[in-house]
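Below is one structure, written out as structure tokens, with a few remarks after it.
We did not get these values from a lab; they are worked out from the coordinates using the rules stated. From a predicted model like this one, the values you see are computed outputs, not experimental measurements. Here the Cβ positions follow ideal geometry from the backbone for every residue, glycine too, while neighbour counts run over all protein chains shown.
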Amino acid sequence: MAIILGLESSCDETAAALVTSEREILAHALAGQEEAHRPFGGVVPEIAARAHVEVMTPLVAQVFEEAELSLSDIDAVAATAGPGLIGGVMVGLMTGKGLALAGGKPLVAVNHLEGHALSPRLADPALEFPYLLLLVSGGHCQLLLVKGVGSYERLATTIDDAAGEAFDKTAKLLGLGFPGGPAVEKAAQTGDPASVPLPRPMVGRADPHFSFAGLKSAVLRARDSGHYTPEDIAASFQAATIDCLVDRTARGLASAGDITALVVAGGVASNSAIRGALRALAERNGLPFIAPPPWLCTDNAAMIAWAGVERFAADLSDPLDIPARARWPL
Ligand code: KG4
Ligand code: ZN
């Protein structure tokens, strides 16, 4: 059995976790930064990086203490090396390098997207490759054919905004607060999803790509018309987003070939209406539907530790001079 320390700091969550190759999460700790960013209505990179510096090493100490382990007990250190806000990525990666050097342990540099992509296998031991993954987060909206560790085929991506970005911008336009995704989901619960006529960008197109910029502009027009409540706009926006995600994912399924399951991951996958619609799509296609529990969908270090487990098992580790990357496609 291998024990891996995972570190995550690519956006506005600082996190550390200890996870075993038996899928046991021995300890995990996470510090959000919502309060620091709320006055700005979005993540401020400089503020995020400084906050990561303050809390990263205490979180590492905390997980070792909780698991009653020390550096000598672990097999490798896995840290997010990108993509993300570069100042934040540097904090977690440098912490990982320092710990790897001090403990004489291998360093596993993890692509944050790979962390999301493999997280469903931490949650569900039965999930086998290949699976079709809808990866929906604040920075990405992609359909990936996950064939194995390190083997990903991108079938589709967004031509403009990511789905999470659309939720965040909608929340800002409607004055629902920050962070946007959960705020829109909550407001949508008391709104009428059929009240505001909104477009469904890309729906019906032969290729499986996504687009959300037009939806955001339509939300702005609906708000400025003064005819609708924020709750009705939120509910209508969420319904339109779901239609887009389901239609595009159905296209992806049609071209994916033989797969074991339809899987969703990333922060937006914590939205229960979206999970429900994708589950129904999987059922219509006779496929199992796998979604990690919501806390594993939003950024966390357990998924980075798990990607570390999978890469370490495949004999993949990295030299100490590996760079931090703001951009790093899977
Ligand atoms: O995966 P994640 O935590 O960070 C990135 O890698 O981007 O995803 C964050 C995104 C944000 O855009 C946030 O608004 C969205 O996920 N999100 C949600 C919900 N919870 C988080 N979107 C819709 N409904 C939610 N409940
Ligand atoms: Zn993420």
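Tabulated values for the structure
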{"read-out": "Cβ-derived FRET efficiency at R0 51 Å, Asp224 paired with Thr57, nearest 0.05", "value": "0.60"}
{"read-out": "Label-to-label distance, nm, for residues given as Glu24 and Ala273 (7 Å Cα→Cβ offset)", "value": "4.1 nm"}
{"read-out": "Computed lengthening from Ala326 to Ile47, 0.36 nm per intervening residue step minus Cα-Cα distance", "value": "98.8 nm"}
{"read-out": "Paramagnetic reach from Leu101 in the range 77-92 [backbone N under 18 Å; point 7 Å along Cα→Cβ]", "value": "77-81, 89-92"}
{"read-out": "In nm, spacing of pseudo-spin labels at Ile159 and Ser72 (7 Å Cα→C-beta vector)", "value": "5.9 nm"}
{"read-out": "Span-like helix ranges in the chain, DSSP H, alpha carbon extent 30 angstrom or more, Kyte mean at least -1.0", "value": "45-67, 230-255"}
{"read-out": "C-alpha center-to-center spacing [the range 304-327, the range 173-250] in angstrom", "value": "37 Å"}
